[in-house]
1. Which log10 I(q)/I(0) values does the chain give at q = 0.06, 0.07, 0.13, 0.15 Å⁻¹ under the Debye formula, counting every alpha carbon as one identical point scatterer?
2. Would you mind ranking Tyr150, Tyr37 by Cβ crowding within 10 Å, fewest neighbours first?
3. Quick query: amide H of Gly222 versus all other amide H atoms, modeled in the peptide plane; which residues come in under 5 Å with a sequence gap of 5 or more or a different chain?
4. Quick one: 3J(HN,Hα) in Hz for the stretch 235-252, Karplus 6.51/-1.76/1.60 with θ = phi - 60°, rounded, Gly and Pro as x.
5. Taking the number of other C-beta atoms within 10 Å as the exposure measure, put Trp59, Trp124 in order starting with the fewest.
6. Among all lysine pairs in the chain that are eight or more places apart or on different chains, how many have alpha carbons less than 28 angstrom apart?
7. Give me a comma-separated list of calculated 3J(HN,Hα) values for the stretch 78-85, in order, Karplus coefficients 6.51, -1.76, 1.60 applied at θ = phi - 60°, integers in Hz, x for any Gly or Pro.
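Derivation of every value follows stated rules applied to the coordinates shown; laboratory data play no part. None of the values given here were measured: they were computed from a predicted structure. Ideal geometry is used to build each Cβ from the backbone, glycine not excepted, and the neighbour counts take in all protein chains shown.
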Amino acid sequence: MIRRTIDRLADRITAPLDGTLVAIVAALMTLGCITLYSAAPGRLPGQIVNLLVAFGLMWIAANLPPQQLMRFAVPVYFGGLALLVAVALFGEVANGARRWLHVGVTRIQPSEIMKIAVPLMLAWYFSRHEAVLKLRDYFVAVVLLLLPVYLIARQPDLGTAVLILAAGFYVIFLAGLSWKILVTLAIAAGASLPLLWSVLHDYQRQRILTLLDPSTDPLGAGYHIIQSTIAVGSGGILGKGWLSGTQAHLEFIPERSTDFIFAVFSEEFGLIGNCVLLMLYTALIMRGLMIAANAPTFFARLLAGAITLTFFTYAFVNMGMVSGILPVVGVPLPLVSYGGTALVTLFVGFGILMSIQKHRKLVNT
């Protein structure tokens, strides 16, 4: 009797979960915890707590059918937008940035909410106009996207703004935006670079200049890139071994448990370890795209595709940043870097993918 009850409970817990996705995420989180223990042992217990909370929220999201997610799209988006405005007016300033908002006994970072709210809102909007999508619909979608991106970039938080911009763009692109329009936008974006440069903060300009030549300021703005690329290169093919990375343990690598944890991983596990990590990321992305391709509705396809491609952006931007091919923008390595809010956002996204996979045979009424 007890055995049967336990089996029933286990079936109820695992029913909404996608086994393939869970296995890939578990493998990545294992690598993340191993690397985090080497980079900053004291942070591992906190990361395990973050992981348990994130898993619980993922399970809740996996149990919500896509139709229910559609009902949440508008209130979550405008609620998040209101919180961003509140941050601009009353937010807490830390390290020159206003990103946090006190709510009762705790504080939240509303920009993290928008990583899910923006693709959710845009997928809802396009699904409402699925029958006849016109150019004005894409214009409205761009406005819905740029509002939170502008508010987040002003905080300033360029890394999160880039991720949300990418998430929104993926929805707009998957909705069927014409290649002619994309080329036109690309040309317009290139022509607007001088204007964009003029509105960047000084530290953001410095990051771009440092990317071109880090040696111009080796002890200042170029220090992060120089030390991270040294660590990545010193790992060689096989790596120096777990807990044996000199750059990390001699504290040359800054933010080694968060934004630059890929440098720690590369130094200790080398090229072979990086290949394993890339294969796991590729497998997760392929699984997400398969779920998107088999989604039963236009809304579900857009949302699943955007979540999956945004995960790709996370990994690409962080690895490119640590390797010195992209500017430093403060994007964590997904499922490896220490952090609570980013981890929760990722797991909620995985939960939405599982929900779409679970309800793929249902007809949208």
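1. -0.23, -0.32, -1.13, -1.45
2. On the way: Tyr150 11, Tyr37 16.
With the fewest neighbours first, Tyr150, Tyr37 line up as Tyr150, Tyr37.
3. Residues meeting the criterion, in which the H sits 1.01 Å from N, are Asp217.
4. With the stated coefficients, the stretch 235-252 comes to x, x, 7, 9, x, 8, x, 4, 6, 10, x, 6, 4, 6, 6, 8, 6, 7 Hz.
5. With the fewest neighbours first, Trp59, Trp124 line up as Trp59, Trp124.
6. 5
7. Listing the rounded values in order: 6, x, x, 5, 4, 5, 5, 5 Hz.
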